[in-house]
Amino acid sequence: MLSTTSLPRICIALGFSHPERLLEHARREAESGERFLEFRLDYLPAPEQGLEVIRRFLQLYPNASVLATCRRHQNHGRFNGSIEDQFKVLHAAVEAGACGVDVEIESAETPLAPRHLLERSAVVIVSYHNYEGTPAMDPVIRRMLKVPATAYKVVTTAKKPSDNLRVLALAKAYPRVPLILLAMSETGFPSRVLSVANGCVYTYAAPSAAEGTAAGQVCARTLRHLYRVEKLSKAPKVFGVIADPVRHSISPAVHNRALQARRIQALYLPFLVPPLQLKDFFLLAERLPVSAFSVTI
C-alpha cells in the first residue's frame, strides 16, 4: 500500500459539474506546480465521466497524484447511487490511475464495503464529516479505527474558536495514526494551517481559479507562501489578529512576511471572534497557545 508520507502536504480539492472543466482546472493546477489533487467524481452528472479525466490527466502529468472521491448525497455528497455503485466507481478510479480514494465512514463501515478496495496499490482514506458542529472527538475516532484504512480524515464545522483545539487534539492523542484533521468555516481556518504542523498527513486547498469544495478553503499559494504550511516546525509559535469580521484584515500578510524575512519559526493567523465568543477565544489562546494577538475593527 502506498505510504502517506510520500504524499504532498497540500491537496487541491476539485469539484466541477463538467468533465472538461475538471480537466481544465486540474491542468491549471499541475502547470502551477501542484502535484496532489482530489477529483470529486460525485460532482459530475455521471461519476464514470471522471475516469477518462483521470486517465487523460495522468498521461499529461504522470508525476501527479489523484485522490478520487464519490461521496453519496446521504452523506453531504452529490452521488445518488447505491453503496455498491459507489465502490464500483472508486475501484474503477484506482484502475484508471488514482493513487487512492476517500470513502466516508457511513459507507466504509457497512458490510457492503468490499475489502478488496484496500489494495496495496491504493491509499484508502476513511473520512468523517460533520456539517453541524464539532462533537466530542473520541467516539468519532474510535468508530473510524474499526475500519482498516491508510489514513483517517476528521472534518467538523467550527462554531467557536475552541473547536479548532478539539479537532487538533486528536493529533496529539493518536500520534501513530495517520490523520487528516480540519474544521470547516472561517472560524475553523486556523485548523487548516496548523494541522500539518501538528503531524497530520496533509491539508486541503481550493483551486486557484475557482471556488473550493468546503467552507474555509483558501488557495494553495496562500497556504504555501503566506502561512508556510509545508515548512512550519512542529508546534510553531502562533500570533494572530482577532476581529468580527476578520477576513478583510491585512495583518496576516504584513506580519507573516515580516516573520519570514527574519526567518522566525512562527505564524500570524486570523481568528474570527464574535464579541460573545471572546471568553472562548481566551481558552484557545491559553491552550494552543497564542503567544500574542492584536485586535482590529
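The values are calculated or read from the model by the stated rules, or taken from the named source; none is laboratory data. Note that this is a predicted model, so its numbers are computed, not measured. Neighbour counts are summed over all protein chains in view; Cβ atoms, including those assigned to glycine, are modelled from backbone coordinates with ideal geometry.
Okay, here's what the table says:
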read-out	value
Residue check, P161 surrounded by 19 or more Cβ atoms within 10 Å (Cβ to Cβ) and either touching a His at 6+ places or on another chain (Cβ under 6 Å) or in a loop (DSSP other than H, G, I, E, B) (or both)	yes
Exclusive hit being charged (D, E, K, R) and crowded, with 19+ Cβ neighbours inside 10 Å, set R72, R143	R72
Criterion violated by T222 - all others in (1) farther than 30 Å from R71 by Cβ; (2) among the hydroxyl-bearing types (S, T, Y); (3) in the same structural domain as N164 (by TED's automatic domain parsing) satisfied	(1)
Cβ-Cβ under 7 Å pairs, at least 6 apart or on other chains, the range 38-51 side within 15 Å of R72 (Cβ to Cβ), far side among the polar types (S, T, N, Q) and surrounded by fewer than 23 Cβ atoms within 10 Å (Cβ to Cβ)	R40/T213; Y43/S17; L44/S17
Output for the range 175-216, where each listed residue is out of contact with any Ser or Thr (no Cβ under 9 Å at 6 or more places or on another chain), surrounded by fewer than 24 Cβ atoms within 10 Å (Cβ to Cβ) and under 20 Å from V241 (Cβ atoms)	E186
Counted residues, the range 201-236 - those being of a type in the set (F, W, Y) and in a loop (DSSP other than H, G, I, E, B)	2
Qualifying residue in the range 142-158 (condition: polar (S, T, N, Q), under 14 Å from the mean Cα position of the chain (by Cα), under 24 Å from A108 (Cβ atoms) and at pLDDT below 95)	no
Every pair of residues 6+ apart whose Cβ atoms lie under 8 Å, when the first sits in the range 80-104 and is within 14 Å of E48 (Cβ to Cβ) and at pLDDT 95 or above while the second is surrounded by 18 or more Cβ atoms within 10 Å (Cβ to Cβ) and basic (K, R)	N80/R72; G81/R72; Q86/R72
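This table checks each residue for (1) out of contact with any Gly (no Cβ under 9 Å at 6 or more places or on another chain); (2) over 22 Å from A214 (Cβ atoms).
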site	(1), (2)
A30	yes, no
E34	yes, no
P45	yes, no
E48	yes, yes
R55	no, yes
Q59	no, yes
